[in-house]
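The block underneath contains the structure these notes are about, expressed in structure tokens.
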Amino acid sequence: RPHDIVLDPATGWIYAINPNSGQVFRFSAIGENESVITVPVQGYARALTFANGRLYAIGSAKGRIVEIVDWDKATFKVYDSFDPTRRNGPAGSWTKTGLVLNDAEFFEGFWYATSYFTKAYAGGTDFDEHKFIRFKTLDDFVGGKWTDLSGLVPAGMTPYYLTVKADKLYLAIFNHQSPGKGDAILQFSLKRR
């Protein structure tokens, strides 16, 4: 059940992730040079991303980003987000579950990440807080040193997938409570000074 597919622009390898097992598949074409590794995402994983020539698996329930250091040796570097709750969940809010990552992308010198925060899973807590964040390094992610950009996403909307194209960052958002009401693609670009 591929949940995300990415292409390594340098090598031409195609990668796909199975969200329930943490398995990442690599192949050069359908049915050619296929291999698989199991990435320690610790729960559900929604996305893959390439940044600075490295492949990363985005672990949702734990707020975890896993760098695949060496495919052939199946070695990884794990980055767990700062989380005062010490809880996991398929969705939630900052104060109930900590980050529940949907996706993360590197754009113009910063990482951007989204979390699956919704009213239905928030248990009466603020589900708009920390749903869209930006941080400089993965160590900042681990230390909780990020900027909350949630104000750029309409209240009540869940930020989902991120895509970088040319000099713009795109963010798909959806309305978990009322599907189809307000769903959109947001486009962000940095102002040059």
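The values are calculated or read from the model by the stated rules, or taken from the named source; none is laboratory data. Please read these numbers as outputs of a predicted model, since none were measured by experiment. Glycine also receives a Cβ, built like all others from the backbone with ideal geometry; neighbour counts cover every protein chain displayed. In case anyone asks, the SASA skips ligands and DNA or RNA and just uses the protein heavy atoms, side chains included. Shrake-Rupley method; radii C 1.70, N 1.55, O 1.52, S 1.80 Å.
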Original post:
Residues with beta-carbon under 11 Å from that of residue 45, excluding residue 45: net charge, scoring Lys, Arg +1 and Asp, Glu -1?
Top reply: +1
Original post:
Hey, rough spin-label estimate for residue 187 and residue 108, points 7 angstrom out along Cα→Cβ, what's it come to in nanometres?
Top reply: 1.4 nm
Original post:
Listed highest first by mean packing, meaning other Cβ atoms within 10 Å per residue, what order do 23-30, 70-77 come in?
Top reply: 23-30, 70-77
**OP:** Would you mind giving the three semi-axes, in whole Å and largest first, of the ellipsoid equivalent to the stretch 113-193 according to its Cα gyration tensor?
**Re:** 22, 18, 10
Subject >> Cβ-based charge dipole, the stretch 97-193, positive-most Cα from 135, 185, 147 >> reply: 185
Original post:
With charges only on Cβ, +1 for K and R and -1 for D and E, what is the dipole size of the stretch 66-136 about its Cα centre, in debye, rounded to 20?
Top reply: 280 debye
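With +1 assigned to the C-beta of every Lys and Arg and -1 to the C-beta of every Asp and Glu, and no other charges, what is the dipole magnitude of the chain about the Cα centre in debye, to the nearest 20? Walk me through the intermediate numbers first.
Working: 22 positive and 20 negative charges, 81 e Å.
I would put it at about 380 debye.
Excluding residue 35 itself, what net charge comes from residues whose Cβ is under 12 Å from its Cβ, given Lys and Arg +1 and Asp and Glu -1?
It works out to a net charge of -2.
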Subject >> Within straight-line cross-link reach of residue 181, lysines at Cα separation under 18 Å, skipping those fewer than 8 residues along the same chain >> reply: 119
Original post:
Considering only DSSP states other than H, G, I, E and B, which GluC sites (Glu not before Pro) in the stretch 25-98 qualify as loop sites with at most 12 other Cβ atoms within 10 Å?
Top reply: 34
Original post:
Any idea of the accessible area per residue across the stretch 102-193, 1.4 Å probe, to the nearest Å²?
Top reply: 52 Å²
Subject >> Candidate lysines - alpha carbon under 23 Å from residue 165, same-chain residues fewer than 8 apart omitted >> reply: 131, 136, 191
**OP:** Would you please put 143-151, 123-131 in order of how densely packed they are, using the mean number of other Cβ atoms within 10 angstrom per residue and starting with the highest?
**Re:** 123-131, 143-151
Original post:
aspartates and glutamates within cross-link reach of residue 62: Cα-Cα under 15 Å, excluding same-chain residues under 8 positions apart?
Top reply: 80, 83, 103
Original post:
If you roll a 1.4 Å probe over the chain with all protein chains in place, what percent of the accessible area is carbon or sulfur?
Top reply: 51 percent
**OP:** Can you tell me the order of 156-167, 100-111 when each peptide is scored by its average per-residue count of other Cβ atoms within 10 angstrom, highest first?
**Re:** 100-111, 156-167
